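Values quoted throughout were computed directly from the atomic coordinates according to the rules given, and no laboratory measurement underlies them. The model shown is predicted, which means the values in this text are computed figures rather than measured ones. Backbone-built Cβ (ideal geometry, glycine too); neighbour counts: all protein chains shown.
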Amino acid sequence: MVKIDALQAGAHWADETAAKILWERGEKARYTCASGITPSGTVHIGNFREIISVDLVVRSLRDLGKEVRFIYSWDDYDVFRKVPLNMPRQEELAAYLRFPITMVPDPWERDESYARHHERDVETMLPLVGIEPEYLYQAQKYRASTYALGIRKALENREALKGILDTFRDEEHKIQGEWWPVSVFCGACNRDETEIDGWDGEWGLGYHCTACGHRETTDLRNAPGVKLGWRVDWPMRWAYEKVDFEPAGKDHHSQGGSFDTARQVSREVYGWEAPVSFRYDFIGIKGSAGRMSSSAGKVVTLEDLLRVYTPELVRYLFAGTRPNTEFTISFDLDVIKLYEDYDRTERIAWGAEAAKDEAAYRRERRIYELSQAATDEAGRTRLPQVMPFQVPFRHLCNLIQIQDGDIDKTLAGISAGAGLEAGAGLGPSAGASAEQIPALRARAERAKYWAGECAPGEFRFRLRPAAGLPAAGLPAAEAAGVRALRDQVAARIEDFPDDKSCAEAIYQAAADSGLEAKALFRAAYQALIGKDQGPRLANFLRTIGRERLLGILASY
């Protein structure tokens, strides 16, 4: 088990939160941590911030040896208010507006409902990043009248609830007239366009539907269509599930916002102290303006993120950033920097690179621990048995492109130690072991995708075929320089012990050809990849290898 002292200098924010939970809630047999969302559309990476923020705190508590229940509520009994722009079959979905989301059909016809489709997408992806909560489906809970007592308590205290909700409102926005803390989905047409007619003080609730005219009195103990308004529903469920910790977005945590009212409702109506909480901020996407929105269809998902970042990198993005800090997730060249940052943290954690002081070591070590997707049977952090073999992301992209996207050939070369001098920053390497290959393959798959789909055009390249013709329009002097490069450098590429000695030979070939080095570099890149520039030439030549180099340059 990972040893944690949350009071030490440099403690991780998740450990600080865990310490606060233990301090405020006292010693318990089990602590309950909660998260949740309405599956009104595609669940995006901004929503994921809450999920992983809870998971990191859950990890911290479990690393301390505490038993934790991690619940994730799907609020799939909320109203379907708007058809997101990125959904297919817009007109068909529009026919179900004002229905509960769980009764809207799946436009892709894969799952039993629109809500279930979005739930399943998330539930499939979360285990890939080491997150496996207990899922609660609120449609099932409400339809089974699980919250009948909680609903009745709200009705019994509706004047007090009205006062609490009005506490932070100015006169213009206070609740006017008769108000009910519940709404009803019509038993005939399923829409929520209903009005409450009265409550008998016990279990009978009367309503009528303004859409279809249906009228009935329903028994709360067997009333599948009755649900609490969310500002009451949220604290009611805190009390029902005995929640000890749940964060919320900065909009909910604003002064006088929903968390403040929920805190009072939980304490004064349901007799439960509101959970320990913190505010998390929004996430931006590099090159995309404004906030993500499921209802508007403007989203980036966890699946999108995992195409570019390994599970450990995804976790690192959040473990290394305080929740109340807004940050941007990049799909451009910043991806290379993020991989470099993670690799440095990994080297510090394994003692392969020195931190500036002990506090920095503890901080980097803990971020690294919480970035790992793997856990043991008790849900505690589990580190790799050996330090992963590091090949910088930029270099890996080059290796894969040299191999025309063939990951198996790339990994075979890495296992043999080919082209690795510019690798991990750990000095010359004999290559990756069989035990290190799975994690390296996962990184290589991301490197291939990023280089092919996300990287700027100048970063991408493809080696000319060995039977290719000389670069079109290559001046005679530059063609002569390429011949010198072939005969003086490529032909004996295996003799150079490092990139430095190879670079010296390249400069000598330029001098012998009467060319400026810059002109020879341009000619070399044109001959090899048809571009004016490319990866660092010395390492590039050594990675390509003698046989392939001579084949490409043979026609010069």
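Ordering N190, A354, F259 by the projection of their Cα atoms onto the charge dipole of the chain, which places +1 on the Cβ of Lys and Arg and -1 on the Cβ of Asp and Glu, puts A354 at the extreme positive end. Globularity index of the chain is 1.24 (Cα radius of gyration / 2.2 N^0.38 Å, N = number of residues).
For D192, D334, the sequence from fewest to most other C-beta atoms within 10 Å is D334, D192.
Within straight-line reach of K28, meaning a Cα separation under 25 Å, sit the following lysines at least 8 residues removed in sequence or on another chain: K3, K20, K66, K242.
Where does the chain land at 222 nm, in deg cm²/dmol rounded to the nearest 500, when only DSSP H runs of n ≥ 4 count, each adding -39500 (n - 2.57), divided by all residues? Taking each H run of at least 4 residues, the total per residue is -13000 deg cm²/dmol.
Ranked by the mean number of other Cβ atoms within 10 Å of their residues, highest first, the peptides 79-88, 440-449 fall in the order 440-449, 79-88. Expressed as a rounded percentage, what relative contact order does the stretch 14-101 have, with Cα pairs under 8 Å and six or more residues apart? Computed over the stretch 14-101, the figure is 34 percent.
Using the structure shown, list the pairs from K141/K227; K500/K531; K250/K337; K162/K250; K174/K250; K286/K337 with a Cα-Cα distance above 18 Å, or answer none. Over 18 Å apart, Cα to Cα: K500/K531; K250/K337; K162/K250; K174/K250. You can think of it this way: the chain between R536 and L333 has 71.4 nm of extra reach, that is 0.36 nm per residue less the Cα-Cα gap.
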